[in-house]
Every structure is written in C-alpha cells, then in structure tokens.
Amino acid sequence: MKQIINRITCWYLIFYAVYSLSTRFMPTKILCAGPLEDILYKGVVIIAGLLALCYIFLLAKTIRPDRQLCLLAVFILILGISTILNRKYEFTGNVMGMATFVVQLILFYFLPHVMPEDMISVWLKRMTACLSFFWSIACVASLSQYIGNVHYLTMHPDGRLVRQGIVDGRLFGLFSDPNFAAFTSLLLIILLLREWKRGDKWFRVYASICIAANLAYLIMSNSRTIYLSAIGTLVFFVVLTTYYQHCQSGNTSGKLFLCRLAKRTAITVAAAAALYAAVFFSIQGIGYLAAPDRSTDDMVREDVNAENLTNNRSTIWKNYISLYKDKPVFGFSIGSALPYVTEKDPDSYLAQTQYVTHNSYLSLLIETGITGFLVMAAFFLLNIHESLKQIRQKLTVNDSYFMFASVIAAVMIFMLCFHDIFFTVNVETMLLFTGIGYVHHTCQH
C-alpha cells in the first residue's frame with residue numbers, strides 16, 4: 001500500500017512541476033487559457049488532497065507531534081480565523097487558497113517522512129531530466145530571439161496584446177515573466193548540479209548542456225531579483241559548506257572559520273562576476289554581429305532610474321504597510337486585501353493599480369496578521385536552529401541535504417521581491433516545503 005502511494009506520488013509530483021512551469025511558458029499558457037486552466041488547477045489541488053489524506057492515514061500511528069508540527073497547526077488555525085473574519089471579501093477564493101496551502105503542506109512537508117531516500121532520488125532525477133529538457137529548449141529559443149533582435153506581439157490569455165522578445169531591457173523570450181523564468185532556471189541549475197554529480201558520463205554531458213543554456217538565459221534575463229537570488233544562494237552555500245567542514249574538522253577557532261569564510265566568499269563572488277561578464281558581453285557581442293541595426297542600449301532597464309530604483313516596489317510596500325494597520329492581528333486573509341481597499345478607498349494607489357505585495361513576507365503579514373507572521377517566522381527559525389545544531393554535532397549529511405538547503409535559501413531570497421509562494425500551485429512551493437521537510441527529517445534521524 002505504502003509503496004503504491006509513493007509511486008503515484010512520484011509521478012504526480014513530476015506532473016505538478018510540469019504544470020507549474022507550463023504556466024510560465026507563453027505558448028502553453030495561451031493553449032490552457034479559459035475553462036481548461038481552471039480545470040487543471042483544481043485537478044492538481046484535488047489530487048494533492050487525496051494524496052494528503054493517504055499520507056495522514058500512513059502517518060497517523062507513527063508521526064509524533066513536535067514543535068514544528070504544532071506551529072504549523074497553529075498557523076492553519078490562524079489562517080482559518082482570518083478567512084472567517086474576512087468572509088465578506090472573496091470568501092470562496094480564500095477557502096480555496098487555504099485548502100491549497102493545507103493539502104500541499106501535508107503532501108510536501110511529510111514527503112520525506114513517507115517516501116524512502118532512494119525513491120526521493122529517483123523522483124528528483126526524473127523530474128530534473130523532464131523539466132530541464134523542455135525548459136532548456138525554451139531558454140535557447142529565447143536567447144536566439146535576443147541574438148536576432150526579435151520583437152513581436154502575442155495574445156495574452158486575458159485578451160490583450162503583450163510584447164515578447166526583448167522588452168524594456170529584459171529578455172522575455174518565450175516566457176510570460178522573465179523574473180519567474182530566470183528563477184526557474186536557477187532552481188534547475190541547482191537540481192542539475194546534484195544529478196551531474198550522481199550521473200554517468202552521458203547524463204553529465206546532457207546536464208552540462210542544460211546548465212549552460214539555463215545559466216545563459218538567467219544572465220540575459222537582466223532580472224536584478226534573480227541576480228540577488230543567485231549571489232545570495234552562492235554565498236549561503238559557501239557559508240554552509242565552510243561551517244560544515246569547520247565543525248567536521250573539530251577546530252573550535254572562530255577566527256580561523258571567519259578567515260576561511262571571507263576568503264571563499266570573495267573568490268566565489270569574484271568568479272560569479274567574471275562568469276556574468278563573460279557570458280553577458282559575449283552574447284551581446286554576438287547579438288550586435290547578427291543584428292547590427294539593434295539599439296546600443298537594448299539591455300538597459302527603462303523601467304528603473306535614480307528616482308525609482310525598486311521599480312515601484314517601495315511605493316507598493318509603503319501602501320500595504322499602511323493598509324496593514326486596518327487589520328493588524330489576523331490580517332485580510334489570502335485574497336481580501338485588494339477588494340477591501342477598493343471598496344474602502346477607490347481612489348487610493350492600491351485600488352487604482354491593483355498591485356499585489358511583491359514580497360512574500362509582507363504578504364504573510366497582510367494576509368494572516370502579526371499572529372500568523374510570528375508563528376511562521378518561529379517555524380522557519382526553529383528549522384534553521386535544528387539544522388545548525390545537527391552540523392555542530394558533526395553528523396554526516398549527504399548532497400541531497402545541501403541541495404535542498406540551497407533551494408530553501410534561493411526561494412527565501414526570491415520571496416523578498418515576489419509574493420506568489422505559499423497559497424498557490426507552483427514549483428517553488430513544492431521545493432520549499434519538501435526541502436524543509438527533508439532537512440527536518442534528516443535532523444530527526
């Protein structure tokens with residue numbers, strides 16, 4: 001029974017990831033628009049719910065409530081209270097968002113508790129191979145659009161015409177959003193590096209080609225958020241591995257650790273800067289040769305200047321913080337903030353623009369209030385504390401541990417500038433909660 005459920009879960013997770021990435025690829029986004037989009041979304045959530053029920057059945061007699069589990073239960077309770085208090089606005093959507101969060105949390109967080117290590121490795125390899133294949137092709141196609149200086153209009157699923165190719169100094173290519181597209185490439189690079197280490201000669205060749213394609217698109221996307229995420233993840237990995245090696249050696253000198261860390265961090269950042277310059281200017285040079293009539297400032301961000309360094313994000317954040325004061329304890333629930341402010345003050349900045357928070361931590365504060373924010377913060381901090389404790393105790397960890405830890409760091413940095421993580425279907429949610437569950441399970445065993 002357990003083995004059958006794990007096999008079904010393995011294939012479901014691959015389908016989940018493919019579905020998530022298809023929403024970022026403009027051709028499939030257009031094909032799946034309308035009723036099909038709603039059917040697919042609800043189907044993904046319903047199947048996750050059924051598998052979550054199976055997990056509850058399998059874990060009912062073996063799982064012991066710990067501090068993390070209690071914090072998650074309290075957070076779900078707070079989310080439910082917030083949903084009831086804001087039932088006047090988007091109640092059905094809020095209930096759906098809450099259900100999505102709960103079933104995904106159960107499925108992903110407890111995945112490492114139910115699925116054995118070897119099956120997790122099989123799932124990761126199959127998913128990485130599948131996703132990297134079509135995503136790398138899309139990256140190469142997008143890069144060819146840059147080299148050919150291609151600009152064109154396509155029909156968005158909501159009926160309006162949108163620009164593709166190079167837009168305002170960013171390479172959209174075949175993707176609906178270069179930020180999410182480039183971050184997907186970053187996640188795939190992390191996954192591919194793990195599989196490259198474990199794979200045979202031919203898979204290493206395939207992984208190397210995919211890494212090169214995704215890295216090139218990541219750099220040419222010209223997304224500052226992704227540059228921040230990539231550098232932050234690199235620095236985190238250096239800190240984690242240096243600290244792990246320092247603890248394993250039995251050396252207690254803090255000065256020696258800091259010296260090694262400073263040296264390795266400086267080398268890593270310098271190497272990343274050199275790689276960025278080599279790739280960016282090489283592809284830009286090829287672009288000038290292929291399309292000599294292109295603008296010399298085609299990769300200069302037109303939406304950012306000295307007066308607007310954050311691309312309106314600072315203004316959005318200030319307005320949401322002001323809005324937060326209206327419901328500081330339990331927040332506005334998942335989708336009620338904008339309907340609320342539109343009714344209360346239709347002439348306000350948020351009501352006129354209908355901008356989301358562009359920050360997952362701020363979203364958490366707005367949607368669940370200070371109570372939900374503090375509970376989730378305690379959950380994350382407790383997991384970080386347990387991980388550091390495990391490393392200090394000189395316990396051996398494998399490459400999956402480092403991979404998941406790097407993914408968690410990448411997603412948490414990405415969350416600083418984007419909101420759509422906790423309460424919807426996307427690959428970041430899957431990898432974030434699976435990673436946290438894996439790290440927690442490793443600490444327990």
Only residues that are in contact (Cβ under 8 Å) with a residue 60 or more places away in the chain, closer than 22 Å to Asp168 by Cα and not in a helix (DSSP H, G or I): list them for the stretch 238-296, please. Ala291, Asp293, Arg294
Would you check if Ala213 is open to solvent by less than 50 Å² (accessible area, probe 1.4 Å), modelled with pLDDT of 95 or more and in a helix (DSSP H, G or I)? yes
So Glu386 clears everything in (1) open to solvent by 20 Å² or more (accessible area, probe 1.4 Å); (2) part of a helix (DSSP H, G or I); (3) out of contact with any helix residue (DSSP H, G or I) (no Cβ under 7 Å at 6 or more places or on another chain) except one condition, right? Which one? (3)
Does the stretch 362-388 hold any residues that are touching a residue at least 60 places away in the same chain (Cβ under 8 Å), among the hydroxyl-bearing types (Ser, Thr, Tyr) and under 20 Å from Ile316 (Cβ atoms), and which are they? Thr368
Only one of (1) surrounded by fewer than 21 Cβ atoms within 10 Å (Cβ to Cβ); (2) part of a helix (DSSP H, G or I) fails for Val356. Which number is that? (2)
Cys130 fails exactly one of (1) under 17 Å from Asn6 (Cβ atoms); (2) under 20 Å from the mean Cα position of the chain (by Cα); (3) not basic (Lys, Arg), namely (1)
Working only within the stretch 66-90, note down all residues that are modelled with pLDDT of 90 or more and not in a helix (DSSP H, G or I). Asn86
Among Ile137, Ile166, the single one that is more than 28 Å from Phe379 (Cα to Cα) and open to solvent by less than 40 Å² (accessible area, probe 1.4 Å) is Ile166
Note on the stretch 403-445: residues open to solvent by 10 Å² or more (accessible area, probe 1.4 Å) and over 17 Å from Tyr109 (Cα atoms) are Ile413, Leu416, Cys417, Phe418, His419, Asp420
Picking from Ile63, Ile4, which residue would you name as being of a type in the set (A, V, I, L, M, F, W, C), part of a helix (DSSP H, G or I) and out of contact with any His (no Cβ under 6 Å at 6 or more places or on another chain)? Ile4
Loosely packed, with under 15 Cβ neighbours inside 10 Å, small (Gly, Ala, Ser) and in a helix (DSSP H, G or I) - does that describe any residue in the stretch 13-31? no
Let me spell it out: the conditions are (1) open to solvent by less than 50 Å² (accessible area, probe 1.4 Å); (2) charged (D, E, K, R); (3) farther than 27 Å from Gly34 by Cβ; (4) at pLDDT below 90, and Arg194 meets all of them except one. Which number is the exception? (4)
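The values are calculated or read from the model by the stated rules, or taken from the named source; none is laboratory data. Remember, it's a predicted structure, so these values are computed and weren't measured experimentally. Positions of Cβ are backbone-derived with ideal geometry, glycine not excepted, and every protein chain shown enters the neighbour counts. Note: areas computed on protein heavy atoms with side chains; ligands, DNA, RNA excluded. Shrake-Rupley method; radii C 1.70, N 1.55, O 1.52, S 1.80 Å.
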